[in-house]
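Colleague: Here you go, one structure.
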Ligand code: GDD
Ligand code: MN
């Protein structure tokens, strides 16, 4: 294997498995469509194709007239290790800072290359997908079954992994190499692009429509195993997304979002309290106003407790003893808070001559905060700053 590529700008990775009837046409077609001012390197990654694809390319390279801007390398792997792993191999070998990935059966028209490479020149564009599912894109030559499979896979990527692109299953795409720097890939099955889209989270992605036409020669290598690999790879990416979401929770973010929820619950508690008290002291029954107030307090405190347990602190342990104990602590702290609030209002108004409404707001804010911290630490057993 000769190593080419000094000064290469774009590396085009072309995995092959039994493509003897297609590969040379693809290589020639790429040569015809490359922008003239660009130095390009094609990298054929062959998995020891039984039909001799690798040898055909080697022979071709012996005889072809070399041109200045376009070199072709072949990587020979010993066994069939799968499409994504072939692509990854090619990426590791590539010397260009722009990478293109395309199939070797002419389903991916090289005539689209200039447009894709042009789009990548924009600093705000990191990945270009040749897309079958944006306006103007299409598929010809596929059976209904294959079309449904592709759509289903796309649906899963969208709803299971939250991928926003229309064709994350595309095998034809280009990207700036730097966006995958430092990333680790599993390279399972066919879905290299999907893995890149999920892992290079902040990349700017553009989709360009094209017409996919099924191969004329040879057969597709997609089979039942490809579907199985797909689920395996989606599952891995899904788990990755979840653990990242957990790790992302910086203590400050978590603390303030929980405090926000706690205050919201408190506010609904006030509303419930007011509603209940007025209902029982007039509308549905004529209780003594003290009794009505007690009912109001009891209902809103219990409501607050459950909302805070489930929503604010996301505690799903409903064991009876555990919950009762939490409930008692919560009521205890709330009563303590009410007492503190009362003394504070008294102090502020009577001693410091602060206006009552202002004193009330200050006292409520203080007692709510101390309530939050006490309940976080002792009732729901969390670290305070988390
Ligand atoms: N080196 C290597 N090793 N190449 C492989 C292997 C492998 O194990 N398996 C497949 N390839 C090569 C094929 O030679 C071909 O160039 C390309 O990968 C795509 O394989 P096809 O078998 O032609 O796939 P397809 O046309 O059915 O599927 C197309 O659509 C999918 C999306 O629905 C391709 O574009 C896929 O890449 C794409 O994901
Ligand atoms: Mn194909």
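Colleague: If neighbour count is taken as other Cβ atoms inside 10 Å, put 19, 382 in order from fewest to most. Mind dumping the intermediate values first?
Modeller: Details: 19 28, 382 17.
Arranged by neighbour count, lowest to highest, 19, 382 become 382, 19.
Colleague: Mind checking the angle between helix 83-93 and the chain's longest principal axis? C-alpha axes, 0 to 90 degrees, to the nearest 10.
Modeller: On a 0 to 90 degree scale, this one is about 80.
Colleague: Counting other beta carbons within 10 Å of each residue's own, what order do 89, 236 fall into, fewest first? All intermediate terms of the calculation are to be shown ahead of the outcome.
Modeller: Details: 89 19, 236 14.
In order of increasing Cβ crowding within 10 Å: 236, 89.
Colleague: Then there is this: What does the extension gain come out to for residue 77 and residue 284, with contour length at 0.36 nm per residue minus their alpha carbon separation?
Modeller: Details: separation 207, 0.36 × 207 = 74.52 nm, distance 8.24 nm.
That works out to 66.3 nm of additional length.
Colleague: Each label point is 7 Å from the Cα along the Cα-to-Cβ direction; what then is the distance between the points at residue 342 and residue 92, in nm?
Modeller: Reported label-point gap for residue 342 and residue 92 is 7.3 nm.
Colleague: Next question. Need one number: nm distance between label points at residue 378 and residue 211, each 7 Å from Cα along Cα→Cβ, rounded to one decimal.
Modeller: 7.5 nm
Colleague: Something else about it: If you take the beta carbon distance between residue 25 and residue 235 as r and set R0 to 35 Å, what does 1/(1 + (r/R0)^6) give as a FRET efficiency, to the nearest 0.05?
Modeller: So the FRET efficiency works out to roughly 0.40.
Colleague: Sum -39500 (n - 2.57) across every DSSP H segment of at least 4 residues in the chain, then divide by the residue count to get the 222 nm mean residue ellipticity, nearest 500.
Modeller: On the way: 11 runs with 186 residues, N = 386.
Taken over the chain, the calculation gives -16000 deg cm²/dmol.
Colleague: Label residue 55 and residue 221 with points 7 Å out from Cα along Cα→Cβ: what is the distance between them in nm?
Modeller: Those two pseudo-labels are separated by 1.9 nm.
Colleague: What is the gain in length, in nm to one decimal, between residue 184 and residue 62 on full extension, counting 0.36 nm per residue of separation less the C-alpha to C-alpha distance? Kindly include the intermediate steps, with their values, before the conclusion.
Modeller: Values: separation 122, 0.36 × 122 = 43.92 nm, distance 3.61 nm.
Stretched out fully, the residue 184 to residue 62 stretch lengthens by 40.3 nm.
Colleague: Shifting gears a bit: Sort 125, 328 so the one with the fewest other Cβ atoms within 10 Å of its own Cβ comes first.
Modeller: Numbers: 125 18, 328 12.
With the sparsest Cβ surroundings first, the list reads 328, 125.
Colleague: Quick one: Cα centre-to-centre distance for segment 302-366 and segment 1-68, in angstrom?
Modeller: When both Cα centres are located, 72 Å separates them.
Colleague: Residues of segment 104-127 with backbone nitrogen within less than 16 Å of a virtual label 7 Å along the Cα-to-Cβ line of residue 36, please, listed as ranges.
Modeller: 114
Colleague: Roughly how many Å is it from the Cα centre of segment 191-214 to that of segment 249-263, as a whole number?
Modeller: Computed from Cα coordinates, the inter-centre distance equals 35 Å.
All of the numbers you see were taken from the coordinates with simple rules; none came from a lab. Keep in mind that what you see is a predicted model, and the values were worked out from it rather than measured. Backbone-built Cβ (ideal geometry, glycine too); neighbour counts: all protein chains shown.
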